[in-house]
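Down below is the structure, laid out as structure tokens.
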Amino acid sequence: MNKIRVVARIDVKNEFAIKGIHLEGLRKVGNPNTMARNYYNDGIDEIVFMDAVAAYYDRNSLSELIQEACKGVFIPITVGGGIRTIDDIKNALKSGADKVAINTKAVKDPNFIMQSSKIFGSQCIVSSIEAKLIKNGKWEVYTDNGREPTGKDVIEWAKHVGELGAGEIMLTSIDKEGTKKGFDIDLYKSVAKSVSIPIIASGGMGQGADAVELLENADIDAIATASVLHCKMESVQEIKNTLLQHQIKVRI
Amino acid sequence: MSKELEAHYGLPNQVKFCKKCVISNQRPSSTIEFKNEKGEKKKVINFNEDGVCSACVYHDEKETGIDWEDRDVKLRSLLDQFRSNDGSYDVIVPGSGGKDSAFIAHILKYKYGMNPLTVTWAPHLYTDIGWKNMQEWMHTGGLDNILYTPNGILHQEMTKNAFHNLLHPFQPFIVGQRIIGPAMAKKFGVKLVMYGENQAEYGNSIEENTNPIMNMDFFSSDDALSMKFGGVSMQEYIDTGKYTKDDFAPYIAPDKQDLVDNGIEVHYLGYYLKWDPQECYYYSVDNTGFQANPVRTEGTYSKYSSIDDKVDPFHYLTTLIKFGIGRCTYDAAQEVRNDKITREEASYLVEKYDTEFPDIYFKEFLEYIDTSEDDFWRTVDKHRSPHIWKKVDEVWKLRHTSSNTGTDD
Amino acid sequence: MKIAIIDYGIGNIRSILSAFENQGANVFLTSDKGEILKSDGLVLPGVGAFSHGMKNLESYGLVDVIKEYAALDRPLMGICLGMQLLFEESEEFGKTEGLGLILGKVVKLPTKDNQNENLPHVSWNKLNSNKVPWKNTILADTEEGSDMYFVHSFVAQPRDSYNILSLTEYLNYHFCSSVKKGNIYGCQFHPEKSGPTGLKIINNFIRMCEA
């Protein structure tokens, strides 16, 4: 069993880190670069920067942020939000990102995942999936930062992106994200059963114990948290200690 | 020499946009709805010499010119006057369980120790998410509520008249919504009614916002029979033989003197607390089980505002038709003022979403107002003011937009 | 003292540059033969497919240059795909010839049947020593069992076990996570992405280049 990766997710709007709930709201929580460095120094395993408003403004604008972050953060960096073309990926990687997270474009044009994983390698391509619960056991795929329903089933789509060449899935529960009330465990359980690529669970963590509950019940590889860290509810070390206390292996 | 285009409703002939936010000078100020009649001239938002709207001016003042600690002291002293100590209700909070009323009721109870009774003037047609949030308001927020649903037959007819006569389907609703607070206060022997924001936040005259108390004219009347609903007076409805005065019970504004005699006061919490609608969203998610719209709300980019009534999108459609201002403009202007987005971003969003037609509930709306699609468009097109709209190749386009992409820009 | 990072159109160059700069190196990106042969240290980065990597090295005319540099016995470090390219061949997408600086081949990470395997191997994972002591290598002062960041589906299998500098276990299989042959080093993991422990490894390499 791999060590579980603890990932900090930082949603960004222009020069601010923001934190919404259900992928809505633009409350400012700090300077994204400063936050990334702090989490790095505290022992976080990975950083994900998401351009939270790329969908609204039909742009993506994190390259400067990534370039800066690279100077002080020496762990993997993923960037997502508005990745729409091969050039977007090239620029992101050139700026210093290790992986790109793709959602909307991939749903509209699944071939984009195949194309980009062939050019850049699967390890660079993270399929970002936004899931909204429809009823027990069924979730719908959303795009555009949790705004547009697609009619696609999350489990089917997750299987498909694996086949297309995505290296990882970052699976966000729209219902839980920002609520700090725990993960949608059924979601991760169901998807993990159906795919063989690594899954990063994102959305809903309120405390280390939530991660424990998820990891004890679903076969996922990494947990992403935002609110817990940005709102200083727990530190990276506190989260990792909780995991270790429950015999969950993490990088110390 | 340029020909001056006709402007309906006595709106300013030249369309201008605020330099700071994206609202235009066509935005009407709040009206006393039950006096609203066809062809009435509208008072509009004020722009100063620098081309900045009064809502932005007020917002700047909010940031720097108001001592909020002092206002909090005033709030506490106000609440101290009204707080009950025998378990009875001591404040009426009108609302639907949307982010604003959820915030108001919860904070009054759990921070300020009041005993609120929330009262809801029922939406025409509840959306699923609206109903859910209403229930959560009670079950998760821990509050009491009375849901008041007026006679649907009359309400539908009023709404239909309002749509056709005023292109303002929400007019009868607003009448009821404004009245219910004071009316319930009178019924329950409660003296304090608390609303959220004063409309000066959005561009009524600033002087109104130096006053925490709502103008009584909005919710009380001296002569009930002359009240108009959908441009039709109560007397005229009764004259058709279909209705009696009994049917108008929900809409009859309390008598002014009566309210005064009972010591009823209607305040704006927005006078006492620094109001930020987006922060109300966060608060209500954390405290009253509020959930945003699962999908992007039609006509805008947001998910947290005004999501409980299927007729709501048509309210915004009609503001777009009459004033050139759609839902996105309202949302974006508010978020610019509260420093969530920049003016350029707002402009971009308005361009992208403002004229989006609200398809999802269109059929239901047509059924509700008993109107065919053809008649719907006939009425809508009748109300397009020539100074705002221009027909280009059979398609209606705005003459002016905040990003200067109108036909005449 | 200058350390050259090979520019052949792939690899997360900026992170490597940042990491080396952070550790005080005078580092630059180049595909110029003259500059490469003049440098005191050489880094071969790379992510993605072996065949793509070799194709690019060929089109940039760098295959012989790297071999020439290696013959000078100055420090050379391959990172991730860069480590794999040091070997003779890979079986990814059919057989592809590599630089052949270290004997051995590159194969897919062995997976067991009837298991829901997760590939690529994306994880922080431990470095364990093999037969070669870490003293005086780039792993000097690295604690046994330190976690490094891995992301790969293929691994190198050195023919000579004395080239194996560290082993790492994944799904009950112990693969070669770093190699050493003289002054040629390879890291399957990303030292520039492995936090302070990774930066230490880079620092060791820089010291070697200074010597």
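Is at least one residue of the stretch C:165-173 surrounded by fewer than 23 Cβ atoms within 10 Å (Cβ to Cβ) and either in contact with a helix residue (DSSP H, G or I) (Cβ under 7 Å, 6 or more places away or on another chain) or of a type in the set (Gly, Ala, Ser) (or both)?
Taking the stretch C:165-173 as the starting set, the residues that turn out to be surrounded by fewer than 23 Cβ atoms within 10 Å (Cβ to Cβ) are C:167-173.
Checking the rest, the ones that are also either in contact with a helix residue (DSSP H, G or I) (Cβ under 7 Å, 6 or more places away or on another chain) or of a type in the set (Gly, Ala, Ser) (or both) come to none.
Taking every residue of the stretch C:165-173 in turn, none turns out to be surrounded by fewer than 23 Cβ atoms within 10 Å (Cβ to Cβ) and either in contact with a helix residue (DSSP H, G or I) (Cβ under 7 Å, 6 or more places away or on another chain) or of a type in the set (Gly, Ala, Ser) (or both).
For residues that are among the small types (Gly, Ala, Ser) and at the interface with another protein chain (Cβ under 8 Å from one of its Cβ atoms), scanning just the stretch C:1-28, find the one that is surrounded by the most Cβ atoms within 10 Å (Cβ to Cβ).
The selected residue is C:Ser15.
Which fully enclosed helices (runs of 4 or more DSSP H) of the stretch A:31-90 have 1 or more residues being surrounded by fewer than 23 Cβ atoms within 10 Å (Cβ to Cβ) and aromatic (Phe, Trp, Tyr)?
Once the helices (runs of 4 or more DSSP H) in the stretch A:31-90 are filtered for at least 1 residues that are surrounded by fewer than 23 Cβ atoms within 10 Å (Cβ to Cβ) and aromatic (Phe, Trp, Tyr), what remains is A:32-41, A:54-57.
May I ask you to list pairs of residues, at least six apart or on different chains, whose Cβ atoms are under 7 Å apart, with the first in the stretch B:373-390 being without any contact (Cβ under 8 Å) to a residue 60 or more places away in the chain and the second being hydroxyl-bearing (Ser, Thr, Tyr)?
From the stretch B:373-390, the pairs are B:Lys390/B:Thr407.
Collect the residues in the stretch C:62-103 that are in a loop (DSSP other than H, G, I, E, B) and basic (Lys, Arg), keeping them in residue-number order.
Our first condition is that a residue be in a loop (DSSP other than H, G, I, E, B); within the stretch C:62-103, this holds for C:62, C:72-75, C:80, C:86-88, C:91-95, C:98-103.
C:Arg74, C:Lys95 - these are the residues of the stretch C:62-103 that are in a loop (DSSP other than H, G, I, E, B) and basic (Lys, Arg).
From the list A:Val161, A:Val191, which residue is among the β-branched types (Val, Ile, Thr) and within 14 Å of chain C (Cβ to nearest Cβ)?
Matching residue, one of A:Val161, A:Val191: A:Val191.
For A:Gln115, state whether it is under 17 Å from A:Glu15 (Cα atoms) and of a type in the set (S, T, N, Q).
So A:Gln115 fails the test.
Please go through the stretch A:115-146 and pick out each residue that is buried (at least 17 other Cβ atoms within 10 Å of the Cβ) and either among the aromatic types (Phe, Trp, Tyr) or within 14 Å of chain C (Cβ to nearest Cβ) (or both).
A:Ser116, A:Ser117, A:Phe120, A:Gly121, A:Ser122, A:Gln123, A:Cys124, A:Ile125, A:Val126, A:Ser127, A:Trp139, A:Tyr142
So, in the stretch C:162-201, of the ones that are within 14 Å of chain A (Cβ to nearest Cβ) and of a type in the set (Val, Ile, Thr), which residue ends up nearest to the chain's Cα centre (by Cα)?
C:Ile201
Quick check on my filter: what residues within the stretch A:115-157 are hydroxyl-bearing (Ser, Thr, Tyr) and out of contact with any Phe, Trp or Tyr (no Cβ under 7 Å at 6 or more places or on another chain)? First the steps, then the outcome.
Of the stretch A:115-157, the ones hydroxyl-bearing (Ser, Thr, Tyr) are A:116-117, A:122, A:127-128, A:142-143, A:150.
Within the stretch A:115-157, A:Ser116, A:Ser117, A:Ser122, A:Ser127, A:Ser128, A:Tyr142, A:Thr143 qualify.
Can you tell me which residue within the stretch C:121-134, out of those that are out of contact with any Phe, Trp or Tyr (no Cβ under 8 Å at 6 or more places or on another chain) and under 17 Å from C:Asp147 (Cα atoms), is nearest to the other protein chains (Cβ to nearest Cβ)?
C:Lys126
B:Thr329 is checked against (1) surrounded by fewer than 23 Cβ atoms within 10 Å (Cβ to Cβ); (2) at negative phi and fails just one. What number does that condition carry?
(1)
Go over the candidates B:Val119, B:Val91 one by one and state the one that is crowded, with 21+ Cβ neighbours inside 10 Å and more than 21 Å from B:Pro277 (Cα to Cα).
On inspection, the qualifying residue turns out to be B:Val91.
Scan the stretch A:91-103 for residues that are surrounded by 23 or more Cβ atoms within 10 Å (Cβ to Cβ) and either away from every other protein chain (no Cβ under 12 Å) or among the polar types (S, T, N, Q) (or both) and jot them down.
Residues satisfying the conditions are A:Ala101, A:Ile102, A:Asn103.
Restricting to the stretch B:286-323, give me the number of residues that are in a helix (DSSP H, G or I) and under 23 Å from B:Glu40 (Cβ atoms).
Residues that pass the stated criteria total 11.
Just to check your reading of the model, which residue among C:Lys135, C:Lys105 is without any contact (Cβ under 8 Å) to a residue 24 or more places away in the chain and on the phi < 0 side of the Ramachandran plot?
Among C:Lys135, C:Lys105, only C:Lys135 is without any contact (Cβ under 8 Å) to a residue 24 or more places away in the chain and on the phi < 0 side of the Ramachandran plot.
Name the single residue, out of those in the stretch C:30-57 being within 11 Å of chain A (Cβ to nearest Cβ) and either of a type in the set (A, V, I, L, M, F, W, C) or over 16 Å from C:Leu101 (Cα atoms) (or both), that is surrounded by the most Cβ atoms within 10 Å (Cβ to Cβ).
Among those that are within 11 Å of chain A (Cβ to nearest Cβ) and either of a type in the set (A, V, I, L, M, F, W, C) or over 16 Å from C:Leu101 (Cα atoms) (or both), it is C:Gly46.
Could you go through the stretch B:297-305 and let me know if any residue there is surrounded by 20 or more Cβ atoms within 10 Å (Cβ to Cβ), in contact (Cβ under 8 Å) with a residue 40 or more places away in the chain, within 21 Å of B:Pro94 (Cα to Cα) and under 22 Å from the mean Cα position of the chain (by Cα).
Checked the stretch B:297-305: at least one residue is surrounded by 20 or more Cβ atoms within 10 Å (Cβ to Cβ), in contact (Cβ under 8 Å) with a residue 40 or more places away in the chain, within 21 Å of B:Pro94 (Cα to Cα) and under 22 Å from the mean Cα position of the chain (by Cα).
For the stretch B:190-235, give me each residue that is within 16 Å of the chain's Cα centre (by Cα) and at pLDDT 75 or above.
Hits for the stretch B:190-235 are B:Met194, B:Tyr195, B:Gly196, B:Glu197, B:Asn198.
Those residues that are surrounded by fewer than 15 Cβ atoms within 10 Å (Cβ to Cβ), of a type outside the set (Gly, Ala, Ser) and more than 25 Å from the chain's Cα centre (by Cα), I need them from the stretch B:365-395; list them, please.
Result: B:Glu373, B:Asp374, B:Asp375, B:Arg378, B:Pro386, B:Lys391, B:Val392, B:Asp393, B:Glu394, B:Val395.
Determine whether B:Ser306 is in contact with a His (Cβ under 9 Å, 6 or more places away or on another chain), within 28 Å of B:Ser403 (Cα to Cα), within 14 Å of chain A (Cβ to nearest Cβ) and among the small types (Gly, Ala, Ser).
Yes; evaluated as a whole, the condition is true for this residue.
Being out of contact with any Gly (no Cβ under 9 Å at 6 or more places or on another chain) and either at the interface with chain A (Cβ under 10 Å from one of its Cβ atoms) or modelled with pLDDT under 95 (or both) is the filter; apply it to the stretch B:280-292 and report the residue that is surrounded by the most Cβ atoms within 10 Å (Cβ to Cβ). Working first, answer last.
First, the residues of the stretch B:280-292 that are out of contact with any Gly (no Cβ under 9 Å at 6 or more places or on another chain): B:283, B:286, B:291.
Subset that is either at the interface with chain A (Cβ under 10 Å from one of its Cβ atoms) or modelled with pLDDT under 95 (or both): B:286, B:291.
Values: B:Asp286: 15, B:Gln291: 20.
Among those residues, the one meeting the criterion is B:Gln291.
Quick one: would you say A:Ile86 is away from every other protein chain (no Cβ under 14 Å) and of a type in the set (Val, Ile, Thr)?
Here the answer is no, as A:Ile86 does not meet what is asked.
Give, as residue ranges, the helices (runs of 4 or more DSSP H) completely inside the stretch B:1-113 that count at least 1 residues that are under 26 Å from the mean Cα position of the chain (by Cα), under 30 Å from B:Thr159 (Cβ atoms) and touching a residue at least 12 places away in the same chain (Cβ under 8 Å).
Hits in the stretch B:1-113: B:54-64, B:99-110.
Can you find, within the stretch B:313-345, the residue that is farthest from the other protein chains (Cβ to nearest Cβ) among those that are under 16 Å from the mean Cα position of the chain (by Cα) and of a type in the set (A, V, I, L, M, F, W, C)?
Result: B:Phe323.
Is it fair to say B:Arg343 is under 17 Å from B:Thr405 (Cβ atoms) and touching a residue at least 60 places away in the same chain (Cβ under 8 Å)?
Taking the combined requirement at face value, the residue satisfies it.
What tally of residues in the stretch A:191-209 results from selecting those that are touching a helix residue (DSSP H, G or I) at 6+ places or on another chain (Cβ under 6 Å) and farther than 21 Å from B:Asp286 by Cβ?
Residues meeting the conditions: 6.
The values are calculated or read from the model by the stated rules, or taken from the named source; none is laboratory data. Bear in mind that the values here come from a model prediction, so they are computed numbers and not experimental data. FYI the Cβ positions are ideal-geometry reconstructions off the backbone, even for glycines, and counts take in every protein chain you see.
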